[in-house]
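S.K.: Dropping a structure here in structure tokens format, bear with me for questions.
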Amino acid sequence: MEPLEQVRPLKQAEPMEQLERIHEALARPEPTPAVERILHKALDGHRLSYEEGCVLMREGDLGSLGLVAGEITRRLHPGGIVTFVQDRNINYTNVCVTDCKFCAFYRHEKDSDAWVLSHEQILQKVGELAASGGTQVLIQGGHHPKLPFDYYTEMCRLIKRHYPQIAIHSFSVSEIRHFARAYKMPVREVVERLREAGLDSVPGAGGEVLADRPRRIIAPLKDPAADWLATYEIIADVGLRGSSTMMFGHVETLEERVEHLLRLREVQDRTAERHGRGVFWSFICWTFQPGNTPLVAEGLHNGVTTSSYEYLRTLAVARIFLDNIENIQASWVTQGVRIGQISLDCGCNDFGGTMMEENVVAAAGTVFHATPSDAIRLIRDAGRVPAKRNTFYEILEIY
């Protein structure tokens, strides 16, 4: 790990005036009577209804939401420990037939800049991660129409053979459902065969917003929300777990954000009832990055990125509402590390991955990277105790 004094300066996502506004709002809670009543209910340990979640999403001020989300986080994670995972994102292909309007990353098979990584290239990248002390690889790609299923299973086997210490947190639900269609297999068989090949955990990407109206606009070729959620129940039945996510700030309403959270909470309840633990390790939300996307090119979005102020409000509501998901992860990849720090006061207990490599968000023009030393310094500077974890949220080292 590089010495702390050698860590490079990190970019900030928001101008100083925006950061000042955020700090002022956090310092001066101003809840309406309805918001105050709901927040007291949450602090008393009672579950919020969908309607109450909508009130918080519509009317909640950042100061009050952050205060309560922070208190709930301290109760769930005493001691001030904030975790991070040393990982790498690997995209095996940018070829995709799903043509999501929010995505600047995908290409069609015949495009001149379309590519597919070989297993040798992927192993080299995993080897670099292992040499640096990393513990997790997040492998995702487009919905390629022609790669054989053995491409994915053999990839997992090779990684486990050469780097058994690396957890494979890979293949989103969207990819799993694409595999089922492309190879004419039941979804359960796809998950079982991936697990047998070495898959350890499933990332939550591809959920976008789990309400069908916005999904039909931003990703008309993706599965309905109910199918995405049902797949996670299958994942739990097969014996795996994963993360949950939400990408917001495109065409969804505030009420649809709460619908998304409600549906995640219901799946977590059902899988916990069947298996003694919910399927979701964690929840991560991030803002839509409009740069270079068809959604903007087609006039469906004004091209203005949702502010970090709104990101923090939504994050805090998620921490308050998702009473059965233990870990909430910061999205410094889209917000920048300064907002990543502030998110620790708004419900986050995890700084996420340090990510040696990230390509999908970068394709939309947003690029933030951090080394493990960066993460340690930033968590300390926020007044917390940094700890390195693995994919399964087991603490490996406290700094």
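S.K.: If you take the residues in region 72-122 that are touching a helix residue (DSSP H, G or I) at 6+ places or on another chain (Cβ under 6 Å) and of a type in the set (Phe, Trp, Tyr), which one is nearest to residue 182 (Cα to Cα)?
M.R.: Across region 72-122, the extreme among qualifying residues is 105.
S.K.: Keeping to region 87-106, report how many residues are under 14 Å from residue 294 (Cβ atoms) and modelled with pLDDT under 95.
M.R.: 9
S.K.: I've got another one for you. With the requirement that a residue be free of Cβ contacts under 8 Å to residues at least 60 places away in the same chain and closer than 20 Å to residue 244 by Cα, what does region 385-399 give you?
M.R.: 394
S.K.: Please work out if residue 53 is farther than 30 Å from residue 378 by Cα and either in a helix (DSSP H, G or I) or at pLDDT below 95 (or both).
M.R.: yes
S.K.: Have a look at 65, 129, 123, 147 and point out the one that is more than 19 Å from the chain's Cα centre (by Cα) and in a loop (DSSP other than H, G, I, E, B).
M.R.: That would be 147, the only listed residue that is more than 19 Å from the chain's Cα centre (by Cα) and in a loop (DSSP other than H, G, I, E, B).
S.K.: Taking residue 325 as meeting all but one of (1) without any contact (Cβ under 8 Å) to a residue 12 or more places away in the chain; (2) part of a loop (DSSP other than H, G, I, E, B); (3) touching a Gly at 6+ places or on another chain (Cβ under 9 Å), write down the number of the exception.
M.R.: So the condition that residue 325 fails would be (1).
S.K.: For region 216-237, enumerate the residues that are surrounded by fewer than 19 Cβ atoms within 10 Å (Cβ to Cβ) and over 20 Å from residue 143 (Cβ atoms).
M.R.: 233, 237, listed by residue number.
S.K.: Kindly indicate whether residue 206 is out of contact with any Gly (no Cβ under 8 Å at 6 or more places or on another chain) and modelled with pLDDT under 95.
M.R.: yes
S.K.: Which residues, counting only those in region 101-122, are touching a Ser or Thr at 6+ places or on another chain (Cβ under 9 Å) and among the hydrophobic types (A, V, I, L, M, F, W, C)?
M.R.: Answer for region 101-122, where residues must be touching a Ser or Thr at 6+ places or on another chain (Cβ under 9 Å) and among the hydrophobic types (A, V, I, L, M, F, W, C): 102, 103, 104, 114, 115, 116, 117.
S.K.: Can you tell me which of (1) without any contact (Cβ under 8 Å) to a residue 60 or more places away in the chain; (2) closer than 16 Å to residue 257 by Cβ; (3) of a type outside the set (D, E, K, R) is the one residue 343 doesn't meet?
M.R.: (2)
S.K.: While we're on this one: Any idea which of (1) surrounded by fewer than 21 Cβ atoms within 10 Å (Cβ to Cβ); (2) part of a helix (DSSP H, G or I); (3) in contact with a strand residue (DSSP E or B) (Cβ under 9 Å, 6 or more places away or on another chain) is the one residue 306 doesn't satisfy?
M.R.: Unmet condition: (2).
S.K.: Let me ask something else. Out of all the residues in region 235-246, is one or more at pLDDT 95 or above, closer than 15 Å to residue 103 by Cβ and touching a Pro at 6+ places or on another chain (Cβ under 9 Å)?
M.R.: Yes, that holds for at least one residue.
S.K.: Do you know which of the residues in region 328-367 that are part of a loop (DSSP other than H, G, I, E, B), of a type in the set (Gly, Ala, Ser) and at pLDDT 85 or above is nearest to residue 141 (Cα to Cα)?
M.R.: 331
S.K.: Can you name the residue in region 251-267 that is in a helix (DSSP H, G or I) and acidic (Asp, Glu) and, of all such residues, is farthest from residue 229 (Cα to Cα)?
M.R.: 255
S.K.: Which pairs turn up if I take residues in region 303-319 that are aromatic (Phe, Trp, Tyr) and look for partners that are at pLDDT below 95 and surrounded by fewer than 18 Cβ atoms within 10 Å (Cβ to Cβ) with beta carbon separation below 7 Å, at least 6 apart in sequence or on another chain?
M.R.: As it stands, the answer is 309/18; 309/21, since those pairs meet every condition given.
The values are calculated or read from the model by the stated rules, or taken from the named source; none is laboratory data. All values reported here derive from a predicted model rather than from experimental measurement. Because the Cβ atoms are built from the backbone with ideal geometry, glycine has one as well, and the counts that use them run over all protein chains shown.
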